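A.B. asks: Quick one: the structure is below, questions incoming.
The values are calculated or read from the model by the stated rules, or taken from the named source; none is laboratory data. Model, not experiment: these values are computed from the prediction. Positions of Cβ are backbone-derived with ideal geometry, glycine not excepted, and every protein chain shown enters the neighbour counts. Heads up: the accessible areas ignore ligands, DNA and RNA and are worked out on the full protein's heavy atoms, side chains in. Shrake-Rupley method; radii C 1.70, N 1.55, O 1.52, S 1.80 Å.
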Amino acid sequence: MNCQCKLLTAAVVAVAIGMIDVRVDQSAAAQNSQSRGKTKASMKRGAKTKPAPPKSNLPTGAEKTKVEIAPVKAELRESALRAAAKIDALAEAGLKKAGQKPNELSSSEHFVRRAYLDITGTIPTSKQTEIFLANKSETNRLVLIDSLLNRPGYASQMYDWMADILRLVDRSDNNNYLRPYSDWVKECLQDNESWDSMVHDMLTAEGRVWDEPAAGFVLRDPNMPLDNLNNAVRIFLGTRIGCAQCHDHPFDKWTQKEFYSLAAFTAGIEYRPTNRINIAPKDIDKASSKDGKESNEARQAKQLMRLNRNGVSSNDKKQLKFPHDYQYSNAKPEQFAVPAVLWGTAPSKISNSDRRKVFADWVATGDNLRFSLTMANRLWQKAMGIGLIEPADDMKDETKATNPELMEFLAKELVRLKFDLKEFQRIIYYSKTYQRAATYGELDPEKPYLFPGPLLRRMTAEQVWDSLLTLTMPNPELVVRPDDDEYVETVSLNEKTTAAELLKKVDRLAEVRKEEGKEKNKRLYKGQELVRASELPQPLPEGHFLRQFGQSDRQSIADSHTDGTVPQLLTMFNGPVTHMMLEQGSVIYNEVMAEKSVESQINKIFILVLNRHPTASERTVAQKEMKSAGPAGYGNVIWALLNTREFLFVQ
């Protein structure tokens, strides 16, 4: 279907599904505008003051915060270019061997949109698009990549990506508050903390999550140490050993003994902090009860106590036993498991007091090939739409990358860069392989994809949401989620906290939540918080736009999807998130209405939504719609473009 037909079809369907009410509203708005025009003319003749601008329904009171981001190092550009050239040489060698050719370089319009979406998680603004398209220098793509890696959006989109893999949530249940762990991950990405350091912290941290946020990785699977171990190996080493928890793996070499031997490293984990809360429930009841009945205040106080009982500590005497029904001859039922790594050798002598550290030392190091291989492949998959190894978390000894030489080079580069995720991605983005035109069409499952260019792929839920926000709110990167310092200070207890002090904290908590509600209201539009996906609660409730578009419930590793659905279609046509863009004061409203002619307004709409200029036929169709439908025609053209594959896909 050509672009002209797409535009007409989308416009017709948009009106049919529910735009009639909008058209009426906009027609009324047009009449009011004419009236205001007469008033303005009168005022211009008789007075010097200007009328106040119409009030916007969009939230404008949210606090703005400058987010500090660790920059890429200018002095490393040459080495990054050399590494990118090596990527291209290896990719092209693989294509040549198979009798294939690389795609042509992508157009400037496709590249600027792709780079913004992949690196900052959102489409560029009209100004950002026009600046790039006007820049004809040979280094304009490199300059753009570096500037995007230095923006707050880099950490925002990396957080969205990593949250899906790490299953980040604000709470796993009412008594397991985990937001500090999520915030720690975000801060590590802003500071460009090395991946090996982050993983080591996650595997060794002890304490309550607000004291040691990295402990949230273990607390994400409370009282389930074997499941947590399986998740750690799958996330960090790209290997699935979960089946071996109950029996020898039916599809891989792992035995149940090997699983329990590895799990013995984490056998000493206790799911409670070392500090104890010395308040008896009866003391709370005594201090708060009325007529001998438990008060609501007392129930809340006891919940705060339960909240403080979640944490991570180590018990050097605790050991892991094989199951009572263990059926293999290489160990006995209920025999103590001796710690042993799955491959290679333990990096140091193992004792009960440092088992977790030895395990972390073995996992998070350049000496462990699967550790570097897994993250290098995941980041390649993120940039190119498909990994060199698929699936990314089910590697076996016999697993072979589609381009083994390229996979080996990428893994070694990540080690050379000391697991600097930003610098590693810089190398990928610098490559011609990444900058080539996208590959369209269905892949042949019988043939390996050899990367003549990135795959055409649908935006993630977070990319769609953040792009719509870019069309609505100015500088959305400056609106961050308020910290939880007041909440943590209020709920945190220690050994000296008394029952009376605890009850005061309950009262204080009500005040904190009230203040949080007031701050949230400053960001609301028709019940939706208009902030970037990374700054919203994690995860969102099932009916939210992000969940409709594929954000997972964070119960399983990397469980998000980009499949199209009917609810998505209805939401894009007539949901509050798309209505917000036509509100007075929105970015797209202000920029389009600032243009003096219909032709320039059409051009602005295309630059804003698709980051390119319209073709002659598209301009003709849009102009006809806008003139025939009046003010509603502007909305119809915008909605038509939003519902094209061109908007929803990363080319």
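A.B. asks: Just how large is the dipole of region 362-462 about the Cα centre, in debye to the nearest 20, putting +1 at every Lys and Arg Cβ and -1 at every Asp and Glu Cβ?
C.D. replies: 460
A.B. asks: Select from region 473-572 those trypsin sites (Lys or Arg not before Pro) which occupy a DSSP coil region and have at most 10 other Cβ atoms within 10 Å, ordered by residue number.
C.D. replies: Taking region 473-572 and a limit of 10 other Cβ atoms within 10 Å, the loop trypsin sites (Lys or Arg not before Pro) found are LYS496.
A.B. asks: Enumerate the amide H contacts of GLU270 below 5 Å, restricted to partners 5 or more residues apart or on another chain; note that Pro and chain-start residues carry no placed amide H.
C.D. replies: Under 5 Å from the amide H of GLU270 lie the amide H atoms of SER313, SER314, ASN315, each far enough along the sequence or on another chain.
A.B. asks: So, for the chain, what is the accessible surface per residue at a probe of 1.4 Å, expressed in square angstrom?
C.D. replies: Heavy-atom accessible area per residue stands at 46 Å².
A.B. asks: Also: Here are some pairs, LYS136/LYS604; LYS55/LYS520; LYS302/LYS522; which of them have Cα atoms lying more than 23 Å apart in this structure?
C.D. replies: Exceeds cut-off: LYS302/LYS522.
A.B. asks: Just to confirm the number: angle between the C-alpha axis of helix 152-166 and the first principal axis of the chain, 0 to 90 degrees, nearest 10?
C.D. replies: Helix 152-166 sits at roughly 50 degrees to that axis.
A.B. asks: Give the residue list of trypsin sites (Lys or Arg not before Pro) in region 138-228 that are DSSP loop and have at most 14 other beta-carbon atoms within 10 angstrom.
C.D. replies: Counting only loop positions with at most 14 other Cβ atoms within 10 Å, none of the trypsin sites (Lys or Arg not before Pro) in region 138-228 qualifies.
A.B. asks: Could you tell me the calculated FRET efficiency between GLU78 and ASN135, based on Cβ-Cβ distance and R0 = 30 angstrom, to the nearest 0.05?
C.D. replies: With a Förster radius of 30 Å, E is 0.90.
A.B. asks: Multiply the residue separation of ASP394 and ALA98 by 0.36 nm, subtract the distance between their alpha-carbon atoms, and state the gained length in nm to one decimal.
C.D. replies: Computed gain between ASP394 and ALA98 is 104.0 nm.
A.B. asks: Here's a follow-up. Would you rank HIS200, HIS613 by solvent-accessible area, highest first, keeping every protein chain in place and using a 1.4 Å probe?
C.D. replies: I get HIS613, HIS200, largest accessible area first.
A.B. asks: Under 19 Å from a point placed 7 Å out from the Cα of LEU478 along the Cα-to-Cβ direction: which residues of region 571-609 have their backbone N that close?
C.D. replies: 585-591
A.B. asks: Given H placed on each backbone N at 1.01 Å, which residues far from ARG458 in sequence or on other chains put an amide H within less than 5 Å of it?
C.D. replies: So ARG458 has HN proximity to VAL650.
A.B. asks: A follow-up question, please. Grab the other residues whose beta carbon is less than 14 angstrom from that of ALA461, score K and R as +1, D and E as -1, and report the net.
C.D. replies: That sum, taken over residues with Cβ under 14 Å, equals -3.
A.B. asks: Return the FRET efficiency for the residue pair GLU270, ASN494: r is the Cβ-Cβ distance, R0 is 25 Å, and the value is rounded to the nearest 0.05.
C.D. replies: Efficiency for this residue pair is about 0.85.
A.B. asks: Related question: Can you tell me the length gained on complete extension of the stretch ASN223 to GLU68, counting 0.36 nm per residue apart and subtracting the Cα distance?
C.D. replies: 52.2 nm
A.B. asks: Could you grab the relative contact order for region 332-385? Cα pairs under 8 Å, six or more apart, rounded to a whole percent.
C.D. replies: 20
A.B. asks: Please give the length that would be gained between GLU501 and GLU442 if that part of the chain were fully extended, namely 0.36 nm times their separation in residues minus their C-alpha to C-alpha distance (nm, one decimal).
C.D. replies: Residue separation times 0.36 nm, minus the Cα-Cα distance, leaves 14.9 nm.
A.B. asks: Calculate one ³J(HN,Hα) per residue across region 133-140 by plugging θ = phi - 60° into the Karplus curve 6.51 cos²θ - 1.76 cosθ + 1.60, and present them in order as whole Hz with x for glycine and proline.
C.D. replies: 5, 7, 8, 9, 5, 5, 9, 4
A.B. asks: May I pose another question? What are the residues whose amide H is under 5 Å from the amide H of THR122, where those residues sit 5 or more places off or on another chain and H is modelled from the backbone?
C.D. replies: Close amide H contacts, sequence-distant or interchain: LEU117.
A.B. asks: What do you get for the angle between helix 195-204 and the principal long axis of the chain? Use alpha-carbon atoms, 0 to 90 degrees, nearest ten.
C.D. replies: Rounded to the nearest ten degrees, it is 50.
A.B. asks: Also, quick follow-up: Net charge around LYS514, counting only other residues with Cβ within less than 13 Å of its Cβ (Lys, Arg = +1; Asp, Glu = -1)?
C.D. replies: -2
A.B. asks: Specify the longest stretch of the chain that does not include any exposed loop site, a site being one of the GluC sites (Glu not before Pro) with a non-H, G, I, E, B DSSP assignment and at most 12 other Cβ atoms within 10 Å.
C.D. replies: It works out to 139-333.
A.B. asks: Using the Cα gyration tensor of the chain, with a ≥ b ≥ c the square roots of its eigenvalues, what is the shape: rounded (a/c below 1.5), prolate (a/b larger than b/c) or oblate (neither)?
C.D. replies: It comes out oblate by the Cα gyration axes.
A.B. asks: Across region 636-642, in residue order, what do the Karplus-derived ³J(HN,Hα) couplings come to in whole Hz, using 6.51 cos²θ - 1.76 cosθ + 1.60 with θ = phi - 60° and x for Gly and Pro?
C.D. replies: These are the phi-based 3J(HN,Hα) values: 5, 5, 4, 5, 4, 5, 5 Hz.
A.B. asks: Taking the chain as the reference, fit the longest principal axis to its C-alpha atoms, fit the long axis of helix 598-609 to the helix C-alpha atoms, and give the angle between the two in degrees, 0 to 90, nearest 10.
C.D. replies: That helix lies at roughly 10 degrees to the long axis.
A.B. asks: Output wanted: per-residue J couplings in Hz (rounded whole) for region 339-353, from phi through Karplus 6.51 cos²θ - 1.76 cosθ + 1.60, θ = phi - 60°, x for Gly and Pro.
C.D. replies: x, 7, 7, 6, 8, x, 10, 5, x, 7, 4, 9, 10, 4, 6
A.B. asks: Still on this structure, please answer the following. Hey, got a sec? Which chymotrypsin sites (Phe, Trp or Tyr not before Pro) in region 234-319 land in a DSSP loop and have at most 13 other Cβ atoms within 10 Å?
C.D. replies: PHE251
A.B. asks: Describe numerically, in nm with one decimal, the distance between label points set 7 Å from Cα along Cα→Cβ at ASN330 and at ASN175.
C.D. replies: Rounded to a tenth, the inter-label distance reads 3.8 nm.
A.B. asks: Round to a whole number: what % of the accessible area of region 276-363 belongs to carbon and sulfur, probe 1.4 Å?
C.D. replies: Roughly 47 percent of what the probe reaches on region 276-363 is carbon or sulfur.
A.B. asks: Another one. Simple spin-label model, 7 Å along Cα-to-Cβ: SER600 to HIS247 in nm?
C.D. replies: So the two model labels end up 7.4 nm from each other.
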